[in-house]
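Written below as structure tokens is the structure these notes are about.
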Amino acid sequence: MNTKKESNKNQDKIIKDVTRFENDIYRVSSWTGKDGASFLDLHVYYKKDGQFKKTKEGMNVRAEFRKELAEAILAAKKAPELSLPAEGKNCETVLVSAVSISETEQYQVSKVRGPKNSFVRVCYAFKGDEGTFIPNGKKALSILESSVEAVAEALRSPEAEPAKAVAQATA
């Protein structure tokens, strides 16, 4: 198990904070795994005692797929508006696109309409025994439509470039 000190040396170069609500933000940050792989951490943070604290809502994505993911969330925002949720339902959802990671993994991007807000949901999905992709609800982030452009901008920014590519470019 990693100690907090070990976790911090690989963790979080903040790329951008995007307003969600008055005391909440979406934080896009980069980090490098033990094997040198570059990741982006997309999480919701809330403000408490003047500091931002990380919530459980969010996910890590492989930095190499950042541009495809940015395009997918923008496409989901532009998708036709959904109707209000039917009686007894929390939300209406439609899968807009998927960014393939491998034959058995993908990031799924959906447009979602709740009773008050519309948002774009990104989640990690894996291929199940029957060959269909199963979304993992714990590795997911719902982005309010009003924040989608800023999150996409952070994903496309040079600061989000995978560490290996940056190192090669400067060599």
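The values are calculated or read from the model by the stated rules, or taken from the named source; none is laboratory data. All values reported here derive from a predicted model rather than from experimental measurement. Methodologically, a virtual Cβ is constructed for each residue, glycine included, from the backbone with ideal geometry; neighbour enumeration extends over all protein chains shown.
Here are a few things to note about the model shown:
- Flag if Arg62 is surrounded by 19 or more Cβ atoms within 10 Å (Cβ to Cβ), of a type in the set (Lys, Arg) and under 21 Å from Ala152 (Cα atoms): no
Yes/no matrix, rows are residues, columns are (1) acidic (Asp, Glu); (2) assigned to a helix (DSSP H, G or I); (3) more than 19 Å from Ser29 (Cα to Cα); (4) over 19 Å from the mean Cα position of the chain (by Cα):
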position	(1), (2), (3), (4)
Met59	no, no, no, no
Leu69	no, yes, no, no
Glu81	yes, no, yes, yes
Tyr107	no, no, no, no
Lys111	no, no, yes, no
Lys116	no, no, yes, yes
Glu130	yes, no, yes, yes
Ile134	no, no, yes, no
Gly137	no, no, yes, no
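- Look at (1) farther than 21 Å from Ala150 by Cα; (2) in contact with an Asp or Glu (Cβ under 6 Å, 6 or more places away or on another chain) and you find that Gly88 fails only one, number (2).
- Scan of the range 41-57 for residues that are under 17 Å from Arg121 (Cα atoms) and over 8 Å from the mean Cα position of the chain (by Cα), ordered by number: Val44, Tyr45, Thr55, Lys56, Glu57
- Thr132, sole failed condition from (1) surrounded by fewer than 16 Cβ atoms within 10 Å (Cβ to Cβ); (2) at pLDDT below 90: (2)
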